[in-house]
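Chemist: Below you'll find the structure I mean.
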Amino acid sequence: METTKGALAFSTDITLLQRERYTLETRMNDLTNAYRKLIEVLDFAESKSNATDNNETCLRETEEIFRSLNSRISQLQSERHEQYEERESVYSKRSSRSRSSGKSGKS
């Protein structure tokens, strides 16, 4: 999870963040499956309670990081989209001016 936290804190690479999100999601599923198997083999209520507490703590932390990754990916995608639209707008204005000056030169 440290790698994922590092990517979340410092990366602006959407593909990397999406890969980390997938890895984290896989780990969440693995953790849930391991917890279910552990509960099946534990004999004492106290052991089951401790395992449940530990599992819930891990899941909460993992879910928080997962939400943060989703938020960061959405933010970066939105920023990239805005940058793209700004470039398109500038290009469109230049192209429009170029066509206008070409028409006025022919008259």
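No lab work stands behind these numbers, since they all come straight from the coordinates. Since the model is a prediction, treat every value here as computed from it, not as a measurement. Positions of Cβ are backbone-derived with ideal geometry, glycine not excepted, and every protein chain shown enters the neighbour counts.
Chemist: Under 19 Å Cα to Cα from Lys48, which aspartates and glutamates show up? Leave out anything in the same chain fewer than 8 places away.
Modeler: Asp30, Glu40, Glu56
Chemist: Turning to a different aspect of this structure: Once both axes come from the Cα atoms, what is the angle between helix 14-41 and the longest principal axis of the chain, in degrees from 0 to 90, rounded to 10?
Modeler: 20
Chemist: Using the charge dipole of the range 1-76 (Lys, Arg: +1 at Cβ; Asp, Glu: -1 at Cβ; taken about the Cα centre), state which of Tyr35, Ala7, Ser74 has its Cα farthest towards the positive end.
Modeler: Sorting the options by dipole projection puts first Ser74.
Chemist: Given contacts defined as C-alpha pairs under 8 Å and at least six residues apart, what's the relative contact order of the chain, whole-number percent?
Modeler: Relative contact order, the chain: 31 percent.
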